[in-house]
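Data first, discussion second: the structure below is written as structure tokens.
The values are calculated or read from the model by the stated rules, or taken from the named source; none is laboratory data. None of the values given here were measured: they were computed from a predicted structure. As a convention, Cβ positions derive from the backbone with ideal geometry for all residues, glycine included, and neighbour counts pool all protein chains shown. Each accessible area value is taken on the protein alone, full model and side chains, heavy atoms only, with ligands, DNA and RNA left out. Shrake-Rupley method; radii C 1.70, N 1.55, O 1.52, S 1.80 Å.
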Amino acid sequence: MKPTSQNSPLLIFGPGALGLYFAARLHQAGYPVVLGHKLSKVPESREVSVLVRGKGQTETLTLPIYAPSELLHQFGSFSLVIVTVKARHLQTVSTFLQRLQACFFLFPQNGAGFERSLKPALSGQFVRLVVTFGVTRTKPWQVEYRGDGEIWMEEKFLEPAAILQKAGFQVRLVEDIQPWVMRKFLVNLVINPLTTIFGVPNGDLTRVDPDLTLGRAILREGLEVLAAEGWHFNQEEIESLVISVLQQTAQNRSSMLQDLDRGALTEIDWITGYLLGLAKRQGIEVPYNETVYRIVKGLERKHGHLELF
Ligand code: PAF
């Protein structure tokens with residue numbers, strides 16, 4: 001297979017931890033990668049030097065980077081766009097995304113509740129990714145791989161799946177991504193707010209919350225609400241998934257904790273906040289989730305919240 005279907009570049013929009021990691025892997029696999037970021041963050045040289053650490057290796061690579069208007073005017077189309085801005089920024093960038101020409105738009109965000117508004121408006125296919133590996137941005141243009149995991153996506157998207165596989169990602173193909181989005185949602189519902197509140201890497205969560213007592217209570221509420229919405233998952237299956245993600249990504253600071261570390265707003269509204277909305281609609285009390293939501297909101301206020309991505 002050639003590097004890209006039409007040899008047009010691949011755009012990674014949003015150079016946070018996940019964006020830089022995707023960009024680095026794809027670039028190393030020989031794909032023409034372009035980064036996109038907001039104008040105020042794009043250097044005059046229109047290129048950045050990215051340092052990637054992981055699996056015992058450190059590499060530095062130089063990548064082109066452009067602002068949204070430049071991407072629209074200087075590039076005809078992209079074979080693939082990976083949108084790696086946080087869920088909370090999707091609304092802001094949606095007009096730009098709608099104007100981009102691309103075959104596939106890949107969305108690896110945590111959380112739920114943003115698909116419906118974006119999907120019909122894009123020029124290419126909307127591809128939801130579920131990512132279970134851990135990456136940490138150690139400095140603005142530095143990223144560290146901190147935990148194995150997979151990318152889950154629908155089997156009908158063979159072309160983007162092949163590109164990701166060629167770049168070394170473990171891709172698990174599933175018939176319907178939605179149940180996997182909800183499974184990952186439950187994993188993030190437990191891990192992200194608790195690691196943020198305790199300020200610990202994923203691997204330390206079972207030390208500060210022995211037997212995952214809080215984690216299980218949060219999960220129980222989540223399962224009850226999702227069941228009322230028609231999503232039935234086995235508690236044991238999701239508990240084992242949470243534990244396996246905690247073990248595999250033990251060195252990683254969850255993305256929510258990383259957001260807080262750099263004074264940014266977190267994704268709490270797309271994770272716990274989304275659950276609270278469903279719980280309200282179903283008339284179900286979720287005191288544990290309500291409490292962690294309020295604490296994370298309080299931490300955001302305490303740490304200041306700049307609009308960074
Ligand atoms: O949000 C995150 O940090 C990630 O989804 C995960 C898999 C929990 C690893 O830290």
Signed unit charges on C-beta, dipole axis of the chain, positive-most listed residue LEU39, LEU226, PHE169: LEU39
Could you tell me the center-to-center distance, by alpha carbons, between segment 100-131 and segment 132-197 in angstrom? 14 Å
The answer for GluC sites (Glu not before Pro) in segment 5-110 that fall in a DSSP coil and have at most 15 neighbouring Cβ atoms within 10 Å is GLU44
Please give the helix 287-303 orientation as an angle from the longest Cα principal axis of the chain, in degrees from 0 to 90, rounded to the nearest 10. 50 degrees
In whole angstrom, largest first, the equivalent ellipsoid semi-axes that the Cα gyration tensor gives for the chain are 31, 21, 19
Taking all protein chains in place and a 1.4 Å probe, what share, in percent, of the accessible surface of segment 147-280 do carbon and sulfur account for? 49 percent
Just in segment 102-181: which GluC sites (Glu not before Pro) are loop by DSSP and have at most 13 other Cβ atoms within 10 Å? GLU155, GLU175
Under 18 Å from the Cα of LYS41 - aspartates and glutamates, other chains or at least 8 residues apart: GLU70, ASP259, GLU307
Once both axes come from the Cα atoms, what is the angle between helix 272-282 and the longest principal axis of the chain, in degrees from 0 to 90, rounded to 10? 60 degrees
For a label point 7 angstrom out from the Cα of GLU290 toward its Cβ, which stretches of segment 206-228 have the backbone nitrogen within less than 15 Å? 218, 221-222, 225
5 angstrom amide H check on GLN101, placed H, neighbours 5+ away: PHE78
Going by alpha carbons, how many degrees (0 to 90, nearest 10) lie between the helix axis of 17-28 and the longest principal axis of the chain? 40 degrees
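At 1.567 mPa s and 4 °C, plugging the Kirkwood radius over alpha-carbon pairs of segment 179-303 into Stokes-Einstein gives what diffusion coefficient in µm²/s? List each step's numbers first, then the result.
Details: Rh = 14.4 Å.
D = 90 µm²/s.
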For n ≥ 4 DSSP H runs only, could you compute -39500 (n - 2.57) per run for the chain, divide by its residues and tell me the 222 nm figure to the nearest 500? -13500 deg cm²/dmol
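To the nearest 20 debye, what is the magnitude of the charge dipole of the chain about its Cα centre, counting +1 on the Cβ of each Lys and Arg and -1 on the Cβ of each Asp and Glu? Let's see the in-between values first.
On the way: 32 positive and 30 negative charges, 157 e Å.
My answer is approximately 760 debye.
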By a straight-distance test (C-alpha under 16 Å), which aspartates and glutamates pair with LYS55 as possible cross-link partners, with residues fewer than eight away in the same chain excluded? GLU144, ASP148, GLU150
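Using the structure shown, select from LYS86/LYS184; LYS139/LYS297; LYS38/LYS297; LYS86/LYS166; LYS139/LYS166; LYS86/LYS119 the pairs with a Cα to Cα distance greater than 21 angstrom.
Working: LYS86/LYS184 16 Å; LYS139/LYS297 24 Å; LYS38/LYS297 26 Å; LYS86/LYS166 25 Å; LYS139/LYS166 27 Å; LYS86/LYS119 16 Å.
Going by Cα-Cα distance, LYS139/LYS297; LYS38/LYS297; LYS86/LYS166; LYS139/LYS166 fall outside the 21 Å limit.
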So what does log10 I(q)/I(0) come out to for segment 1-157 at q = 0.14 Å⁻¹, using the Debye formula with one equal point on every Cα and no solvent? -0.67
